[in-house]
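Inspection log for the structure reproduced underneath, given as structure tokens.
Every read-out reported here was derived from the displayed coordinates using simple, explicitly stated rules and does not represent laboratory data. In this text the structure is predicted, and so the values were computed from the model without any measurement. As a convention, Cβ positions derive from the backbone with ideal geometry for all residues, glycine included, and neighbour counts pool all protein chains shown.
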Amino acid sequence: METAFDLFESIVRRTIAPSLDADEPAEQGGVPVHPFELHNIHPGFPRKVRSLFDDGYGAEATFHAFKFIEKIVQRHSNSTEIGRKLMMAVFNKNNPKIRLNRLSNASEEDEQEGYSFIFSGAVMAIRNPGGHEIELSDDPDVCLEHLAFGTFLLRRLERSGFKTN
């Protein structure tokens, strides 16, 4: 049940959403649009990701979004590995635990291998700094770019038949 505070918070968050035009907030039907909707960010990310973003903690929002992606991959692969090692093993074209396609020709094998590097690179370059560094940028545009990339990864898993929520 939504409390009065929850309602108030949702109204405030919508009214302070960044806009495409600095003079006017982005609106749809007269209602301010949240940057997550403007950028088509995956709705399956944990609520905490959006809350951290709204509160100005872009680096932390990014970290939690990519931890979520890692957990999805762990769950679907029944693996306890983490990070680069997880992604390289799970998407390995020779013995994948998560198959993104039928692997029936060289092109599909290349795609599978490519995604092993893409997922691995995502945890190394985007998620890892959030777990190891103290001072990271909270720039909302950088966060939205990271979340859009994470959205791409989640949707690729979904197109292969895996649930991400």
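Phi-derived couplings, Karplus 6.51 cos²θ - 1.76 cosθ + 1.60 at θ = phi - 60°, listed residue by residue for region 57-64: 9, x, 5, 5, 4, 4, 4, 5 Hz, with x used for Gly and Pro.
Site pair THR80 and ASN128 shows an inter-label distance of 2.3 nm when each label is modelled 7 Å from Cα along Cα→Cβ.
Scalar couplings 3J(HN,Hα) for region 103-109, obtained by applying the Karplus form with A = 6.51, B = -1.76, C = 1.60 to θ = phi - 60°, are 6, 9, 7, 4, 5, 5, 5 Hz; x denotes Gly and Pro. 3J(HN,Hα) along region 75-88: 4, 6, 9, 6, 10, 9, 5, 9, x, 4, 4, 4, 5, 5 Hz, from the Karplus curve 6.51 cos²θ - 1.76 cosθ + 1.60 with θ = phi - 60°, whole Hz, x for Gly and Pro.
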